[in-house]
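See below for the structure under consideration.
The values are calculated or read from the model by the stated rules, or taken from the named source; none is laboratory data. It should be emphasised that the depicted structure is a prediction, and the values quoted were computed from it without experimental measurement. Cβ: placed from backbone, ideal geometry, glycine included. Neighbour counts: every protein chain shown.
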Amino acid sequence: MHLESPGMTKPIFVTKPFLPPLEEFTPYLQQIWDNGILTNCGPFHAELERQLADYLGVSHISLFNNGTIALVTALQMLAGEGEVITTPFSFVATAHAVLWNRQTPVFADIEPGSLNLDPDRVEAAITPRTTAILPVHCYGNPARTAAFQDIANRHGLKLIYDAAHAFGVQDASGSVLNHGDLSTLSLHATKVFNTLEGGAIVSHSAQIKDQIDKLKNFGHDGETSVVATGINGKMSEINCAFGLLQLKYVDAAIARRGEITAAYRTGIDAIEGLDYLSPALGGTKPNYSYFPILVRPDYPRTRDDLFHHLKANGVHPRRYFYPLITAFEMYRDLPSASAANLPVARAMADQVLCLPIYPDLDDGAVARVLDLLQAP
Ligand SMILES: *Cc1c(COP(=O)(O)O)cnc(C)c1O
């Protein structure tokens, strides 16, 4: 047996996947063993698509084996050749999906309050080659959806949301996933709701869903016909079963994230030089998927100093999203990656720090994190 030495405290990581009780998963496995269907859109796949559409409040959803392939497929469906305007302040998969389609990413700056793509900067970046806009609902805070739809309409552009952080998020109109032409989700282990690995595309008609479902199955249209250069984007029955079980716990998981968020906010209100994003940004039903703070110049430590200080004390936050996507070698020579084009994103990437947040994080651990922030 491993005994912890006195004074040793367990490390606190930025996230920890939620695992339902193991014994509750065995009946699902038994069913898979009994019917012998492992993948290729079997019964659990159909059931998870049905339950997710219902839970999320969307009309059509297509499951994928991960969020990146979902994003690649969404852009393949709609964007064609040309330029896709997106944010540098995101996980690198957002821009990689554009490159995988041989499209050109064009980066526009973000807003300092929300860290989401700035509609005015997007509009200024439109050229005759622009085909689509790809905003991210960063940290689950809805992007400026009305402004983006207006721009897309006026310029005849497609609008695809990388909603990887926005599972379950609603605004005044309902699910945030109903905006734009398509929205993609990531159901990766680190996200609010996970199927181990997984992703999805939300669409608005049976016909579009049918096209997406062909693309995720090699472009097959029946046994002897292939109509598009599709990929293998199918989610296996084991992943779907895990999702069905996980879905029973997701409301409780989000509720606990909400409690942790409230505790962090109260603690940070009392700390000079640290800010969090306005609670008003989270929509009418937030998912509390991340807890980013901004380490301002009047805080006693720089962001990187604080990051290393916390790690030295067993707390492991993450600097999402530092470095910016535009710092990576496949992007940094693009004209839109220049420092002059992205002043806000660059400043924010140097201040942001995402604190640990996950359903199993207990009050004691939250207090430990706050203590370290208070007495730097
Ligand atoms: C997680 C994530 C992805 C990629 O999803 P995977 O399921 O890991 O492939 C894409 N975009 C953003 C913003 C993400 O956070």
Would you confirm whether any residue within region 71-83 is within 25 Å of Ile110 (Cα to Cα) and among the acidic types (Asp, Glu)? yes
Pairs, first in contact (Cβ under 8 Å) with a residue 60 or more places away in the chain in region 36-54, second assigned to a loop (DSSP other than H, G, I, E, B), C-beta under 6 Å, six or more apart: Thr39/Lys234; Thr39/Ser236
Those residues of region 71-119 that are at pLDDT below 95 and among the small types (Gly, Ala, Ser) come to a total of 2
Where Val58 falls short, out of the listed (1) among the aliphatic types (A, V, I, L, M); (2) part of a loop (DSSP other than H, G, I, E, B); (3) over 19 Å from the mean Cα position of the chain (by Cα): (3)
Could we say that Gly233 is within 13 Å of the ligand (Cβ to nearest atom), within 19 Å of the chain's Cα centre (by Cα), farther than 22 Å from Cys138 by Cα and not assigned by TED's automatic domain parsing to the domain that holds Tyr358 here? yes
Name every residue in region 134-174 that is over 24 Å from Ser289 (Cα atoms) and in contact with a strand residue (DSSP E or B) (Cβ under 6 Å, 6 or more places away or on another chain), in order of residue number. Ala152, Leu157, Lys158
Provide a single number: the residues in region 183-235 that are assigned to a helix (DSSP H, G or I) and in contact (Cβ under 8 Å) with a residue 24 or more places away in the chain. 7
Could you please let me know if Gly222 is within 21 Å of Val72 (Cβ to Cβ) and either out of contact with any Phe, Trp or Tyr (no Cβ under 9 Å at 6 or more places or on another chain) or surrounded by 15 or more Cβ atoms within 10 Å (Cβ to Cβ) (or both)? no
Before we move on, is Leu75 more than 24 Å from Pro286 (Cβ to Cβ), within 15 Å of the ligand (Cβ to nearest atom) and surrounded by fewer than 19 Cβ atoms within 10 Å (Cβ to Cβ)? no
Here is a list: Ile61, Ile37. Which entry is more than 26 Å from Thr190 (Cβ to Cβ) and either more than 13 Å from the ligand (Cβ to nearest atom) or among the polar types (S, T, N, Q) (or both)? Ile37
Ser5 being modelled with pLDDT under 95, hydroxyl-bearing (Ser, Thr, Tyr) and assigned to a loop (DSSP other than H, G, I, E, B): yes
Residues that are within 12 Å of the ligand (Cβ to nearest atom) and of a type in the set (Gly, Ala, Ser), drawn from region 133-158: Gly140, Ala143
Counting only residues that are of a type in the set (A, V, I, L, M), free of Cβ contacts under 8 Å to residues at least 40 places away in the same chain and within 12 Å of the ligand (Cβ to nearest atom), region 159-173 contains a total of 1
Hits in region 78-120 - residues which are within 16 Å of the ligand (Cβ to nearest atom), in a helix (DSSP H, G or I) and surrounded by 19 or more Cβ atoms within 10 Å (Cβ to Cβ): Ala93, Thr94, Ala95, Ala97, Val98
